[in-house]
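Asks: Here it is: the structure, laid out below.
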Amino acid sequence: MGPLIVPGTLDSLSVIGKYIMDIAAKAGLDKKAAYRLRLAVDEIATNIVIHGYDEANRQGDLELRTELNEADLTIFLEDTGASYTPGQFSDRTDLHLPLEERQIGGLGVYLAMQGVDKFHYEHFEGRNRHTFVVNRTPT
Amino acid sequence: MEIMIKTIDQVTVVDITGDIDGKTAPEAQAHILPLLEPGCKVMLDMSRVDYMSSAGLRMMLSMHRQTAGNQGQLILVGLSEEIQDTMSATGFLNFFTIQDTAEAGLASLK
């Protein structure tokens, strides 16, 4: 599948969701694996729009590319927003607490990391790149 | 996403159709929160929602806090398996009252 380039706005989330579900179907992922991949990419795309672009008073695109081989499906998500370290949100030590006592931030990154087999973030030449890898189940 | 709100047997039924994501969750929340008055009985029907991100969890958390603060009752029905998985992974599932169907949900609020 070709790349997808959409504006870095919340309106783009549904288009991205459809793009991911299409490639997940092409890769033969089962229903739950496809859902978790969509969730992972959607959570990160949402964070990029809100924190990388809107809150930083920046504008830019979200660029998605895919690589499909026999072993796995890889999604690359790139943006030119303010950089941040997703890892800083990934430790969820309060998941057992009653909802009244929870800090709600960071759940999206947690779900993204849980939802795929490999998750990777890098910042280079003013761009951010998130990489999501899902193993293809043998048929 | 579309929201339909109706009242059945003094229960406020909030029926959402479509995806609940970073775009639509704040819109849904703005519609729903003003309905959660003191002593209210609210049923959120999710049977026509195929996808929900953490933005939806945040919406559910706000609903939970407001109904609890108002001595109201909140019940969720029609959650897909995938949405239940997300709620389970984040420890949300146990804090909500859940029924499989709208019929069961209404019966339990009587």
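Asks: Shape verdict for the protein assembly as shown, please, from the Cα gyration tensor: rounded (a/c under 1.5), prolate (a/b greater than b/c) or oblate.
Replies: prolate
Asks: Within the set A:Lys26/B:Lys23; A:Lys31/A:Lys118; A:Lys18/B:Lys23; A:Lys118/B:Lys23; B:Lys6/B:Lys110; A:Lys32/B:Lys6, which residue pairs have Cα atoms separated by over 22 Å? Write out the running numbers ahead of the final one.
Replies: Numbers: A:Lys26/B:Lys23 27 Å; A:Lys31/A:Lys118 19 Å; A:Lys18/B:Lys23 15 Å; A:Lys118/B:Lys23 26 Å; B:Lys6/B:Lys110 16 Å; A:Lys32/B:Lys6 32 Å.
With Cα atoms farther than 22 Å apart: A:Lys26/B:Lys23; A:Lys118/B:Lys23; A:Lys32/B:Lys6.
Asks: Still on this structure: What full-extension length gain, to one decimal in nm, is calculated for B:His31 and B:Gln73 as 0.36 nm per residue of separation minus the Cα-Cα distance? Could you put the intermediate results ahead of the total?
Replies: Details: separation 42, 0.36 × 42 = 15.12 nm, distance 1.76 nm.
Taking 0.36 nm per residue and subtracting the Cα distance, the gain is 13.4 nm.
Asks: Which residue fluctuates most in the GNM of chain B (Cα springs below 10 Å): B:Glu37, B:Glu27, B:Glu81?
Replies: Result: B:Glu81 has the largest fluctuation of those listed.
Asks: What FRET efficiency comes out for A:Glu122 versus B:Ser62 if R0 is 30 angstrom and r is the Cβ-Cβ distance? Round to the nearest 0.05. Don't skip to the end; give the middle numbers.
Replies: Details: r = 34 Å, r/R0 = 1.15.
After rounding, the FRET efficiency stands at 0.30.
Asks: Using R₀ = 25 Å, calculate the FRET efficiency as 1/(1 + (r/R₀)^6) where r is the Cβ-Cβ separation of B:Thr97 and B:Met4; round to 0.05. Could the numbers behind the result be given before it?
Replies: Numbers: r = 21 Å, r/R0 = 0.85.
Rounded to the nearest 0.05, the efficiency is 0.75.
Asks: Take the alpha-carbon centre of the stretch B:65-106, take the same for the stretch A:5-32, and report the distance between them in whole Å.
Replies: Distance between centres, Cα-based: 27 Å.
Asks: Taking the alpha-carbon distance from B:Lys41 and a cut-off under 19 Å, which aspartates and glutamates remain once sequence neighbours fewer than 8 residues away in the same chain are dropped?
Replies: Once the sequence-local aspartates and glutamates are set aside, what remains near B:Lys41 is B:Asp9, B:Asp15, B:Asp100, B:Glu103.
Asks: I would also like to ask the following. Measure off 7 Å from each Cα along the Cα-to-Cβ vector at A:Met21 and B:Asp50, then give the distance between these two points in nanometres to one decimal.
Replies: The modelled label-to-label distance comes out at 0.3 nm.
No value in this document is a laboratory result; all are computed from the given coordinates. Owing to the predicted nature of the structure, the values given are computational and were not obtained by experimental measurement. All Cβ positions, even for glycine, are placed from backbone atoms using ideal geometry, and neighbour counts span all protein chains on display.
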